[in-house]
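Some notes on the structure that comes next.
The values are calculated or read from the model by the stated rules, or taken from the named source; none is laboratory data. These figures come from a predicted structure and were not determined experimentally. Neighbour counts are summed over all protein chains in view; Cβ atoms, including those assigned to glycine, are modelled from backbone coordinates with ideal geometry. Calculation scope for accessible area: heavy atoms of the full protein, side chains included, ligands and nucleic acids excluded. Shrake-Rupley method; radii C 1.70, N 1.55, O 1.52, S 1.80 Å.
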2 protein chains.
Amino acid sequence: MKTNRRSQAVFPRGIVSHLPESAARKRQVEERILSVFAQWGFQEIIPGAFEFFDQLQQGTDDRLLEDSYKLTDRGSGRVMVLRPDVTLQIARIAATTLAGAPKPLRLSYRSSAYRYENDQARKNREVSQVGVELLGLEQPEADAEMVAIAVESLERAGLRSYQIALGQAAFVRGMIERPDLGPEPRAAIRDAVLRKDLSQLEAITAEAHLSPAHRQGLLELPRLFGKEEILDRAEAVADNPASKGAVANLREVYRFLRIYGLDRYVVMDLGEARGFDYYTGILFEVFAEGVGQKVGGGGRYDRLIGKFGEPCPATGFALDVDLLQEALERQRALSEYRGPDFLIVDLSKDKTVALELAKGLRKRGDRAARDIIRRELERSIAYAKESRIAQVLVLGARGAKPDEAVVIDCRSNERKKLKIRKILGKS
Amino acid sequence: MKTNRRSQAVFPRGIVSHLPESAARKRQVEERILSVFAQWGFQEIIPGAFEFFDQLQQGTDDRLLEDSYKLTDRGSGRVMVLRPDVTLQIARIAATTLAGAPKPLRLSYRSSAYRYENDQARKNREVSQVGVELLGLEQPEADAEMVAIAVESLERAGLRSYQIALGQAAFVRGMIERPDLGPEPRAAIRDAVLRKDLSQLEAITAEAHLSPAHRQGLLELPRLFGKEEILDRAEAVADNPASKGAVANLREVYRFLRIYGLDRYVVMDLGEARGFDYYTGILFEVFAEGVGQKVGGGGRYDRLIGKFGEPCPATGFALDVDLLQEALERQRALSEYRGPDFLIVDLSKDKTVALELAKGLRKRGDRAARDIIRRELERSIAYAKESRIAQVLVLGARGAKPDEAVVIDCRSNERKKLKIRKILGKS
C-alpha cells in the first residue's frame, strides 16, 4: 500500500501551486491589470466560492454544470458547485443583491473558476482570472470599452505580441438557427464552423436540403476572418435580420476602436461561435504569441442577468492570469525576481541594536529578514546569495563598534563598515 | 416546484460575497498586512485549491479531514479535498517541492481555507486568510518573530484594541498525556481545560485515580492565565520534563517579546490547548475587541513537515481577514469608500476630446469612468453622487468651447468651466 501510494502523484493534475518566484510574477501581472481596471472606473467585487447548483442552472447550459465540481451542503442537503464561471456568478449577484444599484455599474474581479477539463486545450482546472463586467449599457461604445480595456491591460502587463479576434454571436446564430435546420445539423455546422473545417461543413450542408444561397453563406463562415473588408463580405452573406444587425453592430464597435486607435490589434472573425451560450452580441478572444490557446475573452450577454431576476444588458471580459504569465515569461516581459533587501546577522549579545535597525529599515519600506540561525558568517552570506537577498548587515562583527554594521553587497562582495544611523539615512 | 425553489436561499450559508464597498475595505486590510509580511522578508506563495485526500491524511487528524469538502478527481478516481487548511498544504510543499530550499525559508500567503462548520463559533465556510510560515528555525526567537509580526500586522491594519493569548502546546500535553490517564479521560480533561470548565474538570479528575499532586496540577490549568507571574505558577505546577521545558521555552519567548516592547499586548494562557494536533510548542491566539471569536492564531509545528517528507522545524500564524475586517469596521478604522475620481459625460459629437481627456486622467493614475448612457445631465450627476464619484466632467456642454469641460464637484455642487489642458495639469 505504502509503495503504491508513493508511486502516485503528490498533487492533482491541473492544479498549480506558485512558489515565491512565480508567485511574485503572477501578482505583478495581476496588479498591473487591476490598476488598469481601477483607472477605467471599475470597482472590485469578491464573489464567494460556492453557489447552489439549482440557482446556477437557471442561467447556464448543462455542459458547464456537468463540468463543475459538486459538493453537498451539509445543512440543507442541497447540491452546491464550486464557482465554475465568474460572469455567471456576477450575473446572479447583479440580478439579486445589486438589482437596485445605479447603472452603469462597473465591476471587476480577481478570482478563480474551477472546472473538470472537457476541453483538451485547457490544462488548468483552477483558472485564475482577472476580469470586468459593465452592466446596464446596451450601447456599442460599451463593447468597444471592453476591447479597449483588454488592449490596455495587455499593454500594461507588458505583452508585446497579441491579437484580438472580434466576432458577433448573433451573426452565426442568424445563419444557423433557421427553421429548415434541425438541432443536430445546427450543432454539427456550428462545430465545423468553430473548427474552420470546410470539408466537414461541405458534407453537412450538402445533406441538409438548404437553399443554394443559404448553403453558400454557411460555407463562407469559416472564411470571414480578416480586417475591415470582412465586414462587407459578411454583409453580402447575411440573408436574415439577425445576421444583418450583427454586422451593423460590429461595424459600429469597430468604428469606435478606430477612433481609439486600437484597430491594429483587432482582426474580425465572423465565424466565431465559441463560448458559452450566454453571449448575445459582440464577443472576442485574446491570443498571445507563444501560447497555444486563448489567454482571455469576453463579450455581450444581454439575456443572462434576466434569467436570475431583474434583466439588464451587460458586457465584459476576463483574462487567464496563468496563461498570460506564461506568455509574458516567454517574452521576458516580467521583472527579475528579487529576494528581501537585507539580511540582518546579529552576532552581538545586545539584541536591541539589531531590532532598531530592522525597525528602521522596515519603517522606510525596505524588506529586512533576520538570520536567527547561529552559523558561520560565510554560510549566512551564501544563504543570502541563494535567496537573492541584496545586502547582508552584520552586527557585533569583530572590530566593529556597537553602533556600526558591516555591510556586505551580495553581488559585488564588497564589504564596508557603516554607522547604523548612516544606513538608516539619518544624518 | 418553482415556488419552492424561490423560497429557498439564493446562496449557501456561510459563503460571503463582498460587494464593492466591502471588497475595497477587505483589500485594504489585506494589502496593509501583506506589506508588513513583505517588510519582514516573507515571500508569497500561492497554493493550488485541491489536494489529494490520502496525501493530507499523512499530516492531519481525521477531524479536520471529516470537516473538509471532498471531490472526486475524474481522471484518477482519487478523492481530492478543497484546501481545508493552508499550513497543512504549505507543510506538504515544504517537505517535497521546497525540500532543498535554503533555510530559514520565510513564506507568506493570501488564500482561503474551506470547511464545513463543526465549530459553532465559526460561521464562514470559506475562511479568507493572510498568514506566514517560518521554516527551518527551532529558536525561540523565531516564535517571538511570529508574535511580533502579528502585532505589527494588527497595528498596520489599524486595529485599536486586541490581545494575544500565548500558550505552549507541550505544557498541557505534558500534564495530560500520562500513563495513568486513558485516552477518554485525556480528551475529557483537555476539553474541560479548553472551556475553562472547572466543575467539569473537578468531576473528571476525581474519578481518574490520580496522585493528589497531579490532580491539583490539572485543576490549576484553567487558572494559569495572566501576565508574567503566571510563568512562576506554571513552573510550580509542572511535574514532568515536557511541561517544565514548555515553561522555560515560553519564558525565553516572552523575554524576546519584552525586548521587542510587545509584552503589553500579550497575556499568557498555559491552559491553551486549542488548535490542530500539529502544534508542538508555542501557540497563540489573537482576540480583537468587538468580535466574539479569535481573529487569528498560530504556533510552532515541528513535527508536521516530516510527515510529508523531509523533516523541518517550523512556526507560523494566520489572520482571518473577514473577521479582522469586521473588528476594524466596528472600530471605524478603515477608510471611507470612494467611487472613481471622475465621471466623463460626453455631449459632443467628436469623441476624440473625451477620449484624450480620459486617457490623460488615467495616465496620471486617476480613475475615470465614462457615462456612455444618453440621459439628462442632472441624472448623470445624481448617478455620480450615488456612485460616490468625486467629480463630473461634461464635454460639449452648451456655451462651452470644444477644448473646455464643465467641472462639477459632487460634494459642493460647484460648477466651473476649465480648459482640458488645465484639468490635465498641463500648462
Pairing the Cα long axis of helix B:321-330 with the longest principal axis of chain B, what angle in degrees results, from 0 to 90 and rounded to the nearest 10?
-> 70 degrees
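How big is the protein assembly as shown by the Kirkwood estimate over distinct Cα pairs, in Å?
Values: mean 1/r = 0.0332 Å⁻¹.
About 30.2 Å for the protein assembly as shown.
222 nm [θ] for chain A, helices only, -39500 (n - 2.57) per DSSP H run of 4+, per residue, to 500?
Details: 16 runs with 168 residues, N = 427.
The per-residue figure over chain A is -11500 deg cm²/dmol.
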Of A:Ala192, A:Ser348, B:Ser68, farthest towards positive along the dipole that unit charges on Lys, Arg, Asp, Glu beta carbons give the protein assembly as shown | A:Ser348
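Between A:Glu310 and A:Thr97, what length in nm is gained on full extension when 0.36 nm per residue of separation is reduced by their alpha carbon distance? Write down the numbers at each step before the final one.
Values: separation 213, 0.36 × 213 = 76.68 nm, distance 1.03 nm.
Taking A:Glu310 through A:Thr97 to full extension adds about 75.7 nm, to one decimal.
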GNM top mover of A:Asp341, A:Asp180, A:Asp61 - chain A, alpha-carbon springs below 10 Å = A:Asp341
Radius 10 Å from Cβ of B:Thr72, net charge of other residues (Lys, Arg +1; Asp, Glu -1) | +3
Between the Cα axis of helix A:20-39 and the main Cα principal axis of chain A, the angle (0 to 90°, nearest 10) is 60 degrees
To the nearest 10 degrees, the tilt of helix A:241-259 (Cα long axis) against the first principal axis of the alpha carbons of chain A is 40 degrees
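Size of the dipole of region A:12-330 about the Cα centre, Lys and Arg at +1 and Asp and Glu at -1 on the beta carbon, nothing else charged, in debye to 20?
With only Lys, Arg, Asp and Glu charged at Cβ, the dipole is about 500 debye.
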Mean-square fluctuation maximum in Gaussian network of chain A, Cα pairs under 10 Å, restricted to A:Val36, A:Val16, A:Val286, hits A:Val16
Residues of region B:338-366 with accessible area at least 30 Å² lower in the all-protein-chain context than alone (1.4 Å probe)?
-> B:Pro340, B:Lys351, B:Leu355, B:Arg362
Between region A:93-143 and region B:84-142, what's the alpha-carbon centroid distance in Å?
-> 30 Å
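How much of the accessible area of the protein assembly as shown, probe 1.4 Å, is carbon plus sulfur, in whole percent?
Details: 17910 of 36130 Å².
Carbon plus sulfur share of accessible area: 50 percent.
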Answer with one residue from A:Asn240, A:Val172, A:Pro47: the one whose Cα lies farthest towards the positive end of the charge dipole of region A:12-330, charges on Cβ with Lys, Arg +1 and Asp, Glu -1.
-> A:Pro47
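Can you figure out the FRET efficiency of A:Glu117 with A:Asp239, using R₀ = 30 Å and their beta-carbon distance, to the nearest 0.05?
Working: r = 38 Å, r/R0 = 1.26.
According to the calculation, E is roughly 0.20.
If you take each beta carbon of peptide A:134-140 and count the beta carbons of other chains within 10 angstrom, what is the mean?
Whole-number average of other-chain Cβ neighbours for A:134-140 is 2.
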Charge dipole of region B:12-330 built from unit charges on the beta carbon (Lys, Arg +1; Asp, Glu -1), centred at mean Cα; most positive-end Cα among B:Gln163, B:Ala91, B:Ser108 is B:Ser108
So, in nm and shortest first, the distances from B:Arg264 to its counterparts in the other copies, with label points 7 Å along Cα→Cβ, work out as 6.2
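With a 1.4 Å probe, how much accessible area is buried between chains B and A, both sides summed, in Å² to the nearest hundred? If you can, show how the numbers build up before the last one.
On the way: alone 22090 and 22090 Å², together 36130 Å².
Approximately 8100 Å² gets buried when B meets A.
Using the crude model of +1 on Lys and Arg Cβ and -1 on Asp and Glu Cβ, and no other charge, please compute the dipole size for the protein assembly as shown relative to its Cα centre, in debye to 20. Kindly include the intermediate steps, with their values, before the conclusion.
Working: 138 positive and 124 negative charges, 500 e Å.
Dipole of the protein assembly as shown, to the nearest 20 debye: 2400 debye.
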Among A:Ile33, A:Ile46, A:Ile164, determine the one that fluctuates most according to a GNM of chain A built with springs between C-alpha atoms less than 10 Å apart.
-> A:Ile46
Using modelled amide H (1.01 Å from N, peptide plane; none on Pro or chain starts), what sits under 5 Å from the amide H of B:Thr72, excluding residues fewer than 5 places away?
-> B:Met80
Within region B:10-66, trypsin sites (Lys or Arg not before Pro) in DSSP loop having at most 16 other beta-carbon neighbours inside 10 Å | B:Arg13
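Less than 10 Å Cβ to Cβ from A:Arg223, Lys/Arg counted +1 and Asp/Glu -1: what total charge do the surrounding residues give? Let's see the in-between values first.
On the way: positive: A:Lys196, A:Arg233; negative: A:Glu220.
Within the 10 Å Cβ shell, the charges total +1.
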What are the distances, in nm and sorted shortest first, from the label point of B:Gln200 to the label points of the same position in each other copy, with each label point placed 7 Å from Cα along the Cα-to-Cβ direction?
-> 6.4
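Roughly speaking, what is the stretch gain from B:Lys349 to B:Glu155, that is 0.36 nm per residue apart minus the C-alpha to C-alpha distance, in nm to one decimal? Please list the in-between numbers first.
Working: separation 194, 0.36 × 194 = 69.84 nm, distance 5.22 nm.
Once the chain is fully extended between B:Lys349 and B:Glu155, it gains 64.6 nm.
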How far is A:Ala236 from itself in the other copies, in nm, if each label sits 7 Å out from Cα along the Cα-Cβ line, shortest first?
-> 10.1
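Tell me the net charge near A:Lys417. Cut-off is 11 Å between Cβ atoms, A:Lys417 excluded, with +1 for each Lys or Arg and -1 for each Asp or Glu. Could you put the intermediate results ahead of the total?
Numbers: positive: A:Lys401, A:Arg415, A:Lys416, A:Lys419, A:Lys422; negative: A:Asp403, A:Glu404.
Once positives and negatives cancel, what remains is +3.
Within 10 Å of each Cβ in peptide A:74-81, how many partner chain Cβ atoms are there on average? Round it to a whole number, please.
Mean shielding count: 3.
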The rounded separation in angstrom of the Cα centers of region B:350-427 and region A:220-270 is 32 Å
For region A:10-16, take each phi angle, set θ = phi - 60°, evaluate the Karplus expression 6.51 cos²θ - 1.76 cosθ + 1.60, and give the result in whole Hz per residue in order, putting x for glycine and proline.
-> 7, 9, x, 4, x, 10, 10
Using a 1.4 angstrom probe, figure out how much accessible area the protein assembly as shown has per residue, in square angstrom, rounded to the nearest whole.
-> 42 Å²
